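Enquirer: Let me begin by handing over the structure; questions about it come next.
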């Protein structure tokens, strides 16, 4: 199998010893409490902001249906996914400037 680098946040289910990681995968953990470094967080934020915010849900089934609908609307717009993920940001932290370069993954 080809080697693979997998970036993950440090959620408890990602850092447990029970996680079976194949030998060809190297996990690159993101620093704690840095959702801005995790590209999928930008996707979820976009979905919440555009299709799921300011609503009262009547049931779990409705939540799932609306999430699926929002996801399908987004995947019908691949250019939108690229524009969400291809961005640059910077922060000043202890007088250092950190720049996140664009990352892109298509499945």
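Each value in this text was obtained by applying a stated rule to the coordinates, not by laboratory testing. As the structure is a computational prediction, the values presented were derived from the model and not from experiment. In this analysis, Cβ positions are derived from the backbone assuming ideal geometry, glycine residues included, and neighbour counts consider all displayed protein chains.
Enquirer: Put a dot 7 Å past each Cα toward the Cβ at residue 49 and residue 26; how far apart are the dots in nm?
Expert: 3.4
Enquirer: Give me the extension gain from residue 82 to residue 8: residue separation times 0.36 nm, minus the current Cα-Cα distance, reported in nm with one decimal.
Expert: Answer, rounded to one decimal: 24.7 nm.
Enquirer: Still on this structure: Going by C-beta contacts inside 10 Å, put 63, 84, 75 in order with the fewest on the left.
Expert: Working: 63 13, 84 16, 75 10.
Fewest-to-most Cβ neighbours within 10 Å comes out as 75, 63, 84.
Enquirer: Another one. Fully extended, how many nm does the chain gain between residue 62 and residue 34 (0.36 nm per residue separation, minus their Cα-Cα distance)?
Expert: Details: separation 28, 0.36 × 28 = 10.08 nm, distance 3.04 nm.
This chain segment gains 7.0 nm when fully extended.
Enquirer: If you don't mind, another one. Taking the Cβ of each residue in 51, 79 as the centre, tally the other Cβ atoms inside 10 Å and list the residues starting with the fewest.
Expert: Working: 51 15, 79 7.
Ascending Cβ contact count within 10 Å gives the list 79, 51.
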